[in-house]
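A short worksheet on the structure shown next.
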Amino acid sequence: MSELRKRGAGGDHETANLIDKDVDGEDRFAELDLRTDSDIPEVVPPTDRTPEIFKKALSGLSSRWKNWWIRGILTLAMIAVFSLIIYMGSFMLMLLVMSIQVKCFHEIITIGYRVYRSYELPWFRTLSWYFLLCVNYFFYGETVADYFATFVQRREQLQFLIRYHRFISFTLYLAGFCLFVLSLVKRHYRLQFYMFAWTHVTLLIIVTQSHLVIQNLFEGMIWFLVPISSVVCNDIAAYIFGFFFGRTPLIKLSPKKTWEGFIGGFFSTVVFGFLVATLLAQYQYFVCPVEYNSETNRFVTECEPSELFQFQKYSIPPLLQVVLGRVSKAKSLRQS
């Protein structure tokens, strides 16, 4: 009995030790959470990066009108550069989309890295860029095979990458996941899985959108230019209406935005959308799907425009005809 009591006492002691270890582990996680909140760096106020030539030229104006002229000049410069890229063709637009994708990914990943830099998480940035490469290969591999078939058939190396595209994509992702598991640090499991999820959500949002944008480009530049130019028009029109007529704040998050700017930007964008769509639909360069010509090694945009881009006659629904007929009769009676 005494031995059993000793064993029982020993078991109680071991159980107590396990409980203490669990408590210590929870305390460490609590410390980690507290450290995470306290180590977030303060937001550094933006510095004035206005070129000196603008400061000298606009020195006599108020800050409000300085901002107006600087925004106006930079807007015209950006529109000019964007128009030049459009003139250079769809391939340059694709490179522009890919460049913006990489820059956006870099910005978002850098936010997470700066916040948790003090933990010295191994391979975080390296794995993030590796997964970006894997996801891009998965999304764009079949796109290249569809639109560059003649180009791919001439090169055996590319044929291998396209033939086993999905298997290679799966293998690359598994290799990245294994590297992530090998990089796990005992005290930072939860934080590392959090950053792992951060990377994947970023990839889902950014790479998926850029892939869909490029798919639209291959179907015709009009599907890319009309939405993009409408966003630009909305931004410009909202600023102009808000600048001259803005009185009522829109949201507390952005106190400079006003209802007048929002409404003015909305109606301006609707009108602009009709005009720019009608204009672009008249040119094959904008409405024809992009095809790769193996003889000239260039993209070709020549086709017979679809009925979608031609004016059609539509009959007004009967109910609407009745309503319009009554309205016209009422107007004629008032005039008489």
Kindly indicate whether Ser118 is loosely packed, with under 15 Cβ neighbours inside 10 Å, among the hydroxyl-bearing types (Ser, Thr, Tyr) and touching an Asp or Glu at 6+ places or on another chain (Cβ under 6 Å). yes
Does Gly112 qualify as being in contact with a Ser or Thr (Cβ under 9 Å, 6 or more places away or on another chain), modelled with pLDDT of 75 or more, under 30 Å from Val185 (Cβ atoms) and assigned by TED's automatic domain parsing to the domain that holds Ser230? yes
Within segment 252-262, is there a residue that is under 22 Å from Ile228 (Cα atoms) and not basic (Lys, Arg)? yes
Restricting segment 161-206 to residues that are under 22 Å from Tyr116 (Cα atoms) and of a type in the set (S, T, N, Q), the one surrounded by the fewest Cβ atoms within 10 Å (Cβ to Cβ) turns out to be Ser183
What pairs come out if I take residues in segment 71-89 that are under 21 Å from Cys288 (Cβ atoms) and in the same structural domain as Phe286 (by TED's automatic domain parsing) and pair them with residues that are part of a helix (DSSP H, G or I) and not hydroxyl-bearing (Ser, Thr, Tyr) whose C-beta lies under 8 Å away, six or more apart or interchain? Ile85/Met92; Ile85/Leu93; Ile85/Leu96; Ile86/Leu93; Ile86/Leu225
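Would you check which residues across segment 60-84 are closer than 30 Å to Tyr147 by Cβ and surrounded by 15 or more Cβ atoms within 10 Å (Cβ to Cβ) and list them? If you could, list the steps in order and put the result at the bottom.
Step one: list which residues in segment 60-84 are closer than 30 Å to Tyr147 by Cβ, which gives 78-84.
Phe82 - this is the single residue of segment 60-84 that is closer than 30 Å to Tyr147 by Cβ and surrounded by 15 or more Cβ atoms within 10 Å (Cβ to Cβ).
Please pick out the residue among Phe299, Phe309 that is surrounded by 10 or more Cβ atoms within 10 Å (Cβ to Cβ), touching a strand residue (DSSP E or B) at 6+ places or on another chain (Cβ under 7 Å) and in the same structural domain as Ala145 (by TED's automatic domain parsing). Quick ask: steps written out before the conclusion?
Working: Phe309 fails: touching a strand residue (DSSP E or B) at 6+ places or on another chain (Cβ under 7 Å).
Sole residue among the options that is surrounded by 10 or more Cβ atoms within 10 Å (Cβ to Cβ), touching a strand residue (DSSP E or B) at 6+ places or on another chain (Cβ under 7 Å) and in the same structural domain as Ala145 (by TED's automatic domain parsing): Phe299.
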Any residue that is surrounded by 12 or more Cβ atoms within 10 Å (Cβ to Cβ), over 30 Å from Asn293 (Cα atoms), touching a residue at least 40 places away in the same chain (Cβ under 8 Å) and within 24 Å of the chain's Cα centre (by Cα) - is there at least one of those in segment 90-107? yes
Can you name the residue in segment 167-198 that is assigned to a helix (DSSP H, G or I) and of a type in the set (Gly, Ala, Ser) and is also nearest to the chain's Cα centre (by Cα) among such residues? Ala197
If you go through segment 265-300, how many residues are out of contact with any helix residue (DSSP H, G or I) (no Cβ under 7 Å at 6 or more places or on another chain), modelled with pLDDT of 90 or more and either small (Gly, Ala, Ser) or more than 14 Å from Gly89 (Cβ to Cβ) (or both)? 9
If we scan segment 32-39, do we find a residue that is assigned to a helix (DSSP H, G or I), modelled with pLDDT of 50 or more and under 30 Å from Gln209 (Cβ atoms)? no
Pairs where the first residue, in segment 309-336, is modelled with pLDDT of 85 or more and the second is part of a helix (DSSP H, G or I), C-beta under 7 Å, 6+ apart: Phe309/Val287
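Give the number of residues within segment 241-251 that are surrounded by 17 or more Cβ atoms within 10 Å (Cβ to Cβ) and under 12 Å from Ile263 (Cα atoms). Spell out how you get there, then give the answer.
First, pick out the residues of segment 241-251 that are surrounded by 17 or more Cβ atoms within 10 Å (Cβ to Cβ): 241-243, 246, 250.
Still in the running and under 12 Å from Ile263 (Cα atoms): 241-242, 246, 250.
Residues flagged as surrounded by 17 or more Cβ atoms within 10 Å (Cβ to Cβ) and under 12 Å from Ile263 (Cα atoms) within segment 241-251 amount to 4.
Matching residues to (1) of a type in the set (Val, Ile, Thr); (2) more than 24 Å from the chain's Cα centre (by Cα):
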| position | (1), (2) |
| --- | --- |
| His211 | no, no |
| Phe218 | no, no |
| Pro227 | no, no |
| Phe241 | no, yes |
| Gly273 | no, no |
| Val276 | yes, no |
Would a scan of segment 120-132 turn up a residue that is touching a residue at least 12 places away in the same chain (Cβ under 8 Å), polar (S, T, N, Q) and over 30 Å from Glu302 (Cα atoms)? yes
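The values are calculated or read from the model by the stated rules, or taken from the named source; none is laboratory data. Just so it is clear, the model here is predicted, and its values are computed rather than measured. FYI the Cβ positions are ideal-geometry reconstructions off the backbone, even for glycines, and counts take in every protein chain you see.
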